[in-house]
1. At q = 0.12, 0.30 Å⁻¹, what is the log10 ratio I(q)/I(0) for segment 251-306, with the Debye formula run over Cα points and no solvent?
2. Note down the accessible area of I68, probe 1.4 Å, to the nearest 10 Å².
3. Compute the length gained on full extension between N177 and N200: take 0.36 nm times their separation in residues and subtract their Cα-Cα distance, giving the result in nm to one decimal.
4. 5 Å is the cut-off here: which amide hydrogens, built 1.01 Å from N in the peptide plane, fall below it relative to S328, excluding neighbours closer than 5 in sequence?
5. Which order do you get for Y338, Y388 if you rank them by accessible area with a 1.4 Å probe, largest at the top?
6. Which GluC sites (Glu not before Pro) does segment 404-503 hold that lie in a coil by DSSP with at most 16 other beta carbons within 10 Å?
7. Which FRET efficiency value, to the nearest 0.05, do you get for K498 and I68 by plugging their Cβ-Cβ distance into 1/(1 + (r/R0)^6) with R0 = 56 Å?
8. If you work out percent of Cα pairs over 35 Å apart from the coordinates, which of [x] 42; [y] 39; [z] 52 do you get?
Amino acid sequence: MKILLGTDIALDIAKKGYLLDSITVLLKWINLIGATCYIDMPTIAILTHFIPFDSFKYLSFLKVFVEIKPKVQAIIELENSVCNFKLNIVECKPLFAQLNRLFYDADVLITDNQITHNLARLLQIDDKVFTTEEFVEKCSNEHREKDDAIGVAISKVKFGSLDLKDSFFNDFKRDYNPYYETWFRKKSNDEVYVALDKTNQLRGLLKLKLEDIKEDYSDIKPLFQPAQRLKICSFKAHFTSQKLGQRFMRIVFETAMSYHVDEIYVTIFANSIIKNRLIRMLKQWGFKLWGTKSCNFKSNDEKETVYVRNFRKDITLQPSHCFPYHTSRNRVFLLPIYKSYANMLIPPIQVIGEKEIDIEPVKQAIRKVVIVHNDNKEIREGSVLLFYQKSESIRNGHLLGVGIVEQVYREFHNENQFINRCKKRSTLLSSSLRECWLRAEQKPIVIDFLYAYYFKENISGEDLVKVGIDISGAHSQHLISISPEKFHMLIKNTNYEKNFIVD
């Protein structure tokens, strides 16, 4: 496999060498799978403006795509229309050069540049473009026997049970010097969520605080208006293949739902690559820059940046920005699946309690993918998927959970294209995906979705029949369109209807 590194990844390597956790893990996996890493000439030209010559020694292990390949027609057409997407053509030129390489001799492009990912989607080659995290998760899924990060578990503990001398806390102590240790001891009885690996090493931490309308926000500018808020007091996750970011965000959203807060917010010093990576992830879930928070303990008048997520029952065009809320004004589809598939795809959702441990990252992830064996041209971003566990007896079948469609992929030209698309989120091995492709009577479609809700209410197959939904001949992984009227009859008076649906 020939892997082309994005300019941003190459810059991180050159600036930090092998000290950055994401780079360390990424390069470890590239070595484990025997792939070859490349950069291109435009990247080298750009790096000369940002790093001293001596820093190029960190890039000496990379091979170089020296020859500049002719632009393919799809790239030319997109370049000519880039102004329609309000993008700067000068800034996009090196990105186009890297994407163009994927039509020739590069198999994969790894970059955390969101613009590149957006352009790749327009070119319909985004199955070959991975973020650092996506590529590491892909490697972990395909080579599970080689992943030493498997087994990272999340549980709830007392803050004071943790060892403040652990190097995990070094950046907290540096950012909040000199009062962090005093604050830590003061909060020793507070509960926090921690991620521990198999050696009991601390790999992640999440501390939440519920705030009411009497909270003092005089140090935040612009000033917050009185509201019920959930504050993310501490949030740190080491870079692993174990979806820690999504698993922690699941806990954040579930906690916010349980307390019916109006907003979620976080204050953060944007002073490192790791912190900026966290900010990028928060933005993906709808957090927006609000302002700054003054820090009296900082002699240089340094301020924390404040990001806020509106958690009122509003709907935005992007499902992840209003997750877990969604609307039935979009189309609703029933999707029958067998129990064996359901166990991994739609497991029960719950906040981790005192004795409960989340040890399976795939199950508690929010972003998932499902393969569907029939198409309905009406399904699109924002559509609602009702997952139904299929059984031989209608009485024993029941609703499992709810997914919100993020993207639908159709018209795969070959098996490899289908497999590459699925592997960005799927838990299935390549062999299973290949079998799925070969057995399909018609070309399958692939749906990226957000796993939003698990039905604790017992809604059986008989209940579906009562509201007029015909499931007598339902096939597994075949979409069944449901009218808004039948949908609302089905979920009437459920916790799902009361708390998740916006109409």
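The values are calculated or read from the model by the stated rules, or taken from the named source; none is laboratory data. Remember, predicted model here, so these are calculated numbers, not experimental data. When we count neighbours, we look across all protein chains shown, and the Cβ atoms used for this are built from the backbone with ideal geometry, even at glycine. Remember, those area values only see protein heavy atoms, side chains included, never the ligands or the DNA or RNA. Shrake-Rupley method; radii C 1.70, N 1.55, O 1.52, S 1.80 Å.
1. Computed log10 I(q)/I(0) values: -0.35, -1.21.
2. 120 Å²
3. Working: separation 23, 0.36 × 23 = 8.28 nm, distance 2.68 nm.
Taking N177 through N200 to full extension adds about 5.6 nm, to one decimal.
4. For S328, the qualifying residues are V502.
5. Numbers: Y338 115, Y388 10 Å².
If we order Y338, Y388 from most to least accessible, we get Y338, Y388.
6. Values: sites: E406, E411, E415, E435, E441, E457, E462, E485, E497; in loops: E411, E441, E457.
For GluC sites (Glu not before Pro) across segment 404-503 that sit outside H, G, I, E and B with at most 16 neighbouring Cβ atoms in 10 Å, the list reads E411, E441, E457.
7. Numbers: r = 59 Å, r/R0 = 1.05.
Approximately 0.45, to the nearest 0.05.
8. Given [x] 42; [y] 39; [z] 52, the structure-derived one carries the label [y].
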